[in-house]
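The values are calculated or read from the model by the stated rules, or taken from the named source; none is laboratory data. Source: prediction; values computed, not measured. Calculation scope for accessible area: heavy atoms of the full protein, side chains included, ligands and nucleic acids excluded. Shrake-Rupley method; radii C 1.70, N 1.55, O 1.52, S 1.80 Å.
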Amino acid sequence: MLKTFFTAVGEYIILLGKSIQKPQKMRVFWKLFMREINDLGVNSFGLVIFTSIFVGAVVAIQMFNNFDASSFPIPPSFVGYATKAVLVLEFSPTIISLILAGKVGSYIASSIGTMRVSEQIDALDIMGVNSPNFLIFPKIIACVIFNPLLIAISIVFGIGGGYIAGVLTGNWTTNDYIVGIQMYMPNLFIYYAFTKTIVFAFIIASVPAYFGYNVKGGSLEVGRASTQAVVWTMVFIILSELLLTQLILS
């Protein structure tokens, strides 16, 4: 088991070495890059916005209930600050990345896996094309560039969800919530959130690509590889978050 794991890690690193190279034709690369921006990023807008609004509302309500039950009086404005802090530090970078790992990761693994079992990748290799660079590199660059934008949108709409919750429940005033949002937050928190996002984006693009590229068999194996890709992507996201939290916030 351990030997298999280290073999897979070695294969993953070798595949990355072949992928992260200067494209053979920049014109073709930019065309693929823009297609991946649409497939991996733009198509995720709806899911990210929908999830962020409702989770932002839930976080704000939970914060209010905790503050209200406290034996010490806590100003209602801290609901806005706590909601912003939770979204920036944890929910938007981590939870949204885990959601994207399921949506984007399964798409990457299945699309590359289908090309592998249908021998399209073999055809690229025979024509002298660097197939890892051609198929994987545009996906990595698209995720690393576009995912921070998705996380920024998630933070904004999550805060908006908390505002909507206050309007609908009447538990805190609009003015209190806005005052809380405007409270000072260390720049380190923003740096931490977007550093995590970039690392997670790289994992989301590269790990499923490895599983898809190394599929052996038929359509059944492609489905299994997609499942494995999502599971291992989530595992590596959680492990890397622990490491980054220790490095940046400690």
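Among 139, 84, 216, which one shows the biggest mean-square fluctuation in a GNM of the chain, springs joining Cα atoms closer than 10 Å? Looking only at 139, 84, 216, the biggest GNM fluctuation is shown by 216.
Can you give the calculated 222 nm mean residue ellipticity of the chain, where each DSSP H run of n ≥ 4 adds -39,500 (n - 2.57) and the sum is split over every residue, rounded to the nearest 500 deg cm²/dmol? If you can, show how the numbers build up before the last one.
Values: 11 runs with 195 residues, N = 250.
Calculated mean residue ellipticity at 222 nm is -26500 deg cm²/dmol.
Give me the Kirkwood hydrodynamic radius of region 192-250, using the inverse of the mean 1/r over all pairs of distinct Cα atoms, in Å to one decimal. If you can, show how the numbers build up before the last one.
On the way: mean 1/r = 0.0809 Å⁻¹.
Kirkwood radius, region 192-250: 12.4 Å.
Return the label of the correct value of mean projected area of the Cα convex hull in nm², as calculated from the structure shown, out of [x] 12.0; [y] 19.4; [z] 16.2. After the calculation, the listed value that fits is [z].
So if the hydrodynamic radius of region 102-221 is defined as the Kirkwood radius over C-alpha pairs, what does Stokes-Einstein give as its diffusion coefficient at 10 °C and 1.306 mPa s, in µm² per second?
Numbers: Rh = 17.4 Å.
Value of D from the Cα-based Kirkwood radius: 91 µm²/s.
Protein chains only, probe 1.4 Å: how do 191, 213, 81, 177 rank by accessible area, largest first? Working shown, then result.
Numbers: 191 135, 213 30, 81 55, 177 0 Å².
Descending accessible area places them as 191, 81, 213, 177.
Principal-axis analysis of the Cα atoms of the chain puts helix 26-36 at an angle of about 50° to the longest axis. If a/c stays under 1.5 just call it rounded; otherwise compare a/b with b/c (prolate if a/b is bigger, oblate if not). Do that for region 1-79, with a ≥ b ≥ c from the square roots of the Cα gyration tensor eigenvalues. Oblate, since a/c reaches 1.5 and b/c is not below a/b. Helix 187-213 sits at what angle to the longest principal axis of the chain, using alpha carbons and giving 0 to 90 degrees rounded to 10? The angle comes out near 30 degrees.
Stokes-Einstein D for region 9-52 at 20 °C, 1.002 mPa s, Kirkwood Rh over Cα pairs, in µm²/s? Translational diffusion coefficient: 167 µm²/s.
Take the convex hull of the alpha carbons in region 42-138; its mean projected area over all directions comes to 8.2 nm². Over the chain, accessible surface divided per residue gives 51 Å², non-protein components excluded, 1.4 Å probe. For the chain, the longest principal axis of the C-alpha atoms and the axis of helix 45-69 are separated by about 30°. Here the accessible area of the chain is 70 percent carbon and sulfur, with a 1.4 angstrom probe and all protein chains present.
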